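Here is the structure we will look at.
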């Protein structure tokens with residue numbers, strides 16, 4: 001997940017691809033989108049934000065450049081900022097999930 005985020009910073013031409021990979025790794029980690037949303041305590045709208053930007057807009061930095069009808073355009077700074085914030089939020093939620101699991105495990109071990 002962090003490697004994909006790091007790639008997004010270094011590879012501006014494919015930034016949205018790498019940001020999407022970051023979210024995709026969470027889906028793999030939890031087994032599904034539904035499970036990831038539940039475990040992270042987020043809404044579908046929060047989850048779908050990077051998908052909209054990376055998959056559906058006709059952006060040169062997006063994932064499906066060949067599927068766009070018409071000309072591709074560069075992502076606007078506001079769109080890139082939104083994508084970065086979206087993925088950063090998912091990473092923060094994942095870290096909070098890990099911390100919660102860790103504290104739950106420690107609490108359970110201290111009872112035994």
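Every number in this text was worked out from the coordinates using simple rules, so none of it is lab data. Everything quoted here is computed from the prediction, not taken from an experiment.
Considering only 59, 19, 98, the mean-square fluctuation computed in a Gaussian network model of the chain, springs between alpha carbons under 10 angstrom, is largest for 98. Along each principal axis, taking the top coordinate minus the bottom one, the Cα set of segment 2-111 gives 62, 26, 21 Å in descending order. Relative to the longest principal axis of the Cα atoms of the chain, helix 15-30 runs at roughly 30 degrees.
Rounded to the nearest 10 degrees, the angle from helix 77-111 to the longest Cα principal axis of the chain is 10 degrees.
Put the Cα centre of segment 3-18 next to the Cα centre of segment 41-98 and the gap is 12 Å.
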